[in-house]
Structures are given as structure tokens and as C-alpha cells.
Amino acid sequence: MKTLRIENLSKNFGSTEVLKKINLDIDEGNFLVLLGPSGCGKSTLLNIIAGLETINEGKVYIDDYNVSKVEPKDRNIAMVFQSYALYPSMNVRENMIFGLKQAKTSKEKIEEQLKKVSSFLKVDELLHRKPSQLSGGQRQRVAIGRALVREPRIFLFDEPLSNLDAKLRVEMRREIKKLHQTLKTTVVYVTHDQTEAMSLGTKIAIMNHGVIQQNDTPENIYNKPNNTFVADFIGSPSMNLIEGRLIQNSDKISFVAEGSEKSTQIPVDNYNFKSSTNLNDKQIYFGIRPEHIHFKKLNENDFEVNFKANLSEYIGHEQIITFNFSNQEILAKFPSTINIELNKDMKLYFDLSQISIFDKTSKERI
Ligand code: ADP
Ligand code: MG
């Protein structure tokens with residue numbers, strides 16, 4: 001039984017198709033992050049799960065029960081919004097217990113829940129303050145508290161950290177992770193921030209234009225992206241996608257970058273192709289992350305390539321170097337302690353155990 005299951009879900013606003021045949025499910029206790037660029041349909045999907053938005057096609061199940069037509073208040077779900085949506089005229093205590101009172105929970109149970117959750121979230125000293133007398137981080141805690149007291153089946157979070165400054169955002173991110181570790185409640189969490197997604201999610205569903213591009217573990221999303229959208233969206237700087245083609249003869253397969261000498265062949269025999277047929281002469285993108293280009297040979301199979309560096313960006317603990325490889329721009333990431341001379345021939349090493357290969361036409365991983 002899946003805690004949440006979304007089946008063939010489509011949603012239009014007028015003639016705009018915002019969600020296109022979404023299929024998604026979540027096991028009990030998982031933390032699913034919906035990640036994608038602004039406007040791709042994340043909030044719409046979350047609102048549909050909450051019952052705040054209608055569906056054009058498809059179904060939503062909670063514990064195998066079709067809730068597509070069930071009122072939001074009867075779905076046993078709690079949502080934390082980006083804007084916190086606290087009632088400004090109520091104090092923290094009243095804000096936190098509002099939902100329980102609406103649900104006609106007994107006075108004893110309300111007090112018990114309030115005490116437990118407010119001390120857990122360290123807002124027990126703030127119960128008599130109004131939202132306007134709280135810092136951003138404290139408001140966020142209260143908004144989470146209001147969801148927690150209800151002990152919902154599923155928590156929905158819509159970009160809950162995006163109104164906080166960078167330092168607080170990282171702190172609250174860790175608190176949300178601890179919270180999930182302790183409570184183990186099923187979570188669906190929307191963000192456009194890849195670091196947040198990577199650090200929180202047990203699963204990440206990457207969306208673009210209302211379509212799920214990949215729903216996978218953070219490790220697989222990072223190391224085995226399904227297509228060039230996912231490869232490009234995750235990682236900073238993005239994965240290098242070098243254009244070129246494959247050459248297959250007898251049992252050897254290699255990659256030749258566009259514009260480079262046919263003699264500069266990068267062996268890709270050890271790459272795990274989904275299918276090994278029709279690879280010869282296939283136009284592809286050869287994907288390699290900036291951190292998998294090394295300045296010295298680290299592994300047996302690291303492949304030596306000649307480069308000229310033409311730009312260096314110092315970012316404190318690291319430096320990002322831009323290279324020219326057969327007229328294609330390639331980025332590599334090195335420790336900032338290494339001295340790289342610009343406009344001079346040098347050798348670099350591709351870690352061929354970490355590459356991804358995509359069909360140039362379909363943009364899919366092959
Ligand atoms: P995200 O949360 O990923 O940024 P949204 O789900 O908010 O994206 O929006 C997806 C698309 O649907 C956007 O193009 C947005 O303009 C449109 N949209 C969202 N809500 C409405 C609405 N109530 N009416 C019309 N268009 C909407
Ligand atoms: Mg949104």
C-alpha cells in the first residue's frame with residue numbers, strides 16, 4: 001500500500017496545460033521533494049494533493065483510498081505555505097491550536113498536543129506573542145507547529161524556506177530534516193532549490209513544464225540523470241554536455257568530440273549503455289560533471305586530455321576553471337590551492353567511471 005498515489009493526473013488552467021499525465025507514488029515515511037523551475041506546476045500539484053485545487057483528469061489516492069473528491073479538511077493532510085499564512089490577529093497559541101479547535105478536538109488533547117509540539121519546536125516561550133512580534137525563523141516554526149499538532153498522515157510543504165535569509169535557511173533545513181528523522185511522517189516538499197532537494201529528499205521528483213522528468217533517489221538523480229534536462233538542472237556548475245559522436249568497431253566504443261581530430265578518441269567501453277545496438281556514428285552528448293575532471297591522475301582509468309584554461313573563477317574553497325576543448329566550453333572544479341596558468345597547454349584527466357551519455361536528438365540517457 002502506498003501512502004500517496006497519483007494516477008494519470010492532468011490539470012489545465014483555461015487552455016494552458018499545467019500538469020500532464022502525472023504518475024507518482026510515495027511509500028510510508030518517505031520524504032519526497034518536488035523540484036523544478038518556477039512555473040513548472042509544483043504548487044499546483046501540491047494544492048491538488050491537499051484538495052485546494054480541482055482535477056481535470058486522473059486520481060489521487062491516500063492509503064489506497066480515492067480522495068479526488070474529498071474535502072481538504074477530511075484528507076488528514078497538513079500544509080505549510082511559503083507565506084506561513086498565520087492569522088495576524090491571533091497569538092502563537094491560538095494560531096497553533098486553530099485547526100484542532102475546528103476539528104472539535106477535546107480540550108485535554110489540544111493542551112497535550114500544544115505542550116508537546118511547542119517544546120519540540122522551541123516556541124513554548126512565544127505562545128502569547130502575535131506573528132508580527134516574531135522573527136522570520138520563529139514564524140516558520142509556528143507555521144510548522146500548526147501543522148504538527150494535527151498529527152497528519154502526510155505533511156505538505158510549499159517552499160517553506162524561501163522567505164528566510166541564506167543562513168537561517170540552512171539552519172531550518174537541518175531542523176526540518178531532524179523533524180522528519182524523529183517523526184517519520186510522510187512528506188511532500190516543494191522547492192526550486194536543488195541543494196534543499198538533495199539534502200532533504202529520500203526521493204526527488206524533477207518536474208519541467210508539468211511533466212515528471214525523473215523520480216529517483218538523490219544519488220541516482222545526481223549520478224545517473226535520465227535526460228539532459230535533469231543533468232543540467234542538478235549540480236553547480238552544471239554537468240558539461242560535450243557534443244560529438246560515438247564510434248564503434250569490433251568490441252571497442254569511443255567518443256569523438258565535434259570539431260576534434262578523429263584521432264582524439266575517448267574510450268567509453270566501460271560505460272553501462274542501456275542497449276549496445278546501433279551505437280556506431282550516433283550523435284550524442286558526452287556528460288561529465290566539473291568535479292569529475294581532475295588536475296592529476298587519481299584513478300587507473302582516468303583519461304588524459306589536453307586543454308587550455310581561459311578563465312578562472314575563485315569562489316573561496318574552490319575555483320571553477322573554463323577550458324576550451326575543440327571549441328566547446330568545458331568547466332572543471334578544483335581546490336583553490338592549485339595554481340592553474342591561463343592560456344597554456346595542460347593535461348587534465350576525465351574520470352570515465354562517472355560519465356553520462358545522452359542521445360542528441362531525444363536528449364534521453366542511453
Ligand atoms: P510552480 O509552483 O512550479 O512555480 P505553479 O504550479 O504555481 O508553478 O504554476 C504553474 C503554471 O500554472 C504557471 O504557468 C502559472 O502561471 C499557472 N497558474 C497557476 N495557478 C493558476 C491559476 N489559478 N489560474 C491560471 N493559471 C495559473
Ligand atoms: Mg510554487
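The values are calculated or read from the model by the stated rules, or taken from the named source; none is laboratory data. Since the structure is predicted, the reported quantities are computational estimates derived from the model, not experimental observations. Ideal geometry is used to build each Cβ from the backbone, glycine not excepted, and the neighbour counts take in all protein chains shown. The accessibility values were calculated without ligands, DNA or RNA, using every heavy atom of the protein model including side chains. Shrake-Rupley method; radii C 1.70, N 1.55, O 1.52, S 1.80 Å.
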Say whether the condition of being in a loop (DSSP other than H, G, I, E, B), basic (Lys, Arg) and more than 13 Å from ligand 2 (Cβ to nearest atom) is met by at least one residue in the range 67-79.
-> yes
Total residues in the range 159-198, condition open to solvent by 60 Å² or more (accessible area, probe 1.4 Å) and either within 16 Å of ligand 2 (Cβ to nearest atom) or among the small types (Gly, Ala, Ser) (or both) = 3
Quick check: is even one residue across the range 247-259 modelled with pLDDT of 95 or more, under 15 Å from the mean Cα position of the chain (by Cα) and either within 16 Å of ligand 1 (Cβ to nearest atom) or aromatic (Phe, Trp, Tyr) (or both)?
-> no
Would you mind stating whether Glu53 is among the charged types (D, E, K, R) and within 16 Å of ligand 2 (Cβ to nearest atom)?
-> yes
The residue from Lys297, Lys252, Lys224, Lys274 that alone is without any contact (Cβ under 8 Å) to a residue 40 or more places away in the chain and surrounded by fewer than 19 Cβ atoms within 10 Å (Cβ to Cβ) is Lys252
When residues of the range 29-65 are filtered for being under 15 Å from Thr186 (Cα atoms), in a strand (DSSP E or B) and more than 16 Å from ligand 1 (Cβ to nearest atom), how many remain?
-> 3
Matching residues, the range 105-136, being assigned to a loop (DSSP other than H, G, I, E, B) and without any contact (Cβ under 8 Å) to a residue 12 or more places away in the chain = Thr105, Ser106, Asp124, Glu125, Ser135
Do we find a residue being open to solvent by 60 Å² or more (accessible area, probe 1.4 Å), more than 13 Å from ligand 1 (Cβ to nearest atom) and of a type in the set (A, V, I, L, M, F, W, C) anywhere in the range 6-28?
-> no
Would you check if Leu156 is within 16 Å of ligand 2 (Cβ to nearest atom), among the aliphatic types (A, V, I, L, M) and open to solvent by less than 40 Å² (accessible area, probe 1.4 Å)?
-> yes
Identify all residues within the range 30-61 that are touching a Ser or Thr at 6+ places or on another chain (Cβ under 7 Å) and open to solvent by 10 Å² or more (accessible area, probe 1.4 Å); write none if there are none.
-> Asn30, Glu53, Ile55, Asn56, Glu57, Gly58, Lys59
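Give the residues of the range 318-346 that are among the polar types (S, T, N, Q) and touching a residue at least 12 places away in the same chain (Cβ under 8 Å), sorted by residue number.
Selection gives Gln319, Thr322, Asn324, Ser326, Asn327, Gln328, Ser336, Asn343.
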Being modelled with pLDDT of 90 or more and under 28 Å from Leu24 (Cα atoms), is that true of even one residue in the range 128-138?
-> no
Take Val18 and decide whether it is closer than 16 Å to Met207 by Cβ and not in a loop (DSSP other than H, G, I, E, B).
-> yes
Matching residues in the range 341-351 (exposed (fewer than 15 other Cβ atoms within 10 Å of the Cβ) and not in a strand (DSSP E or B)) number 4
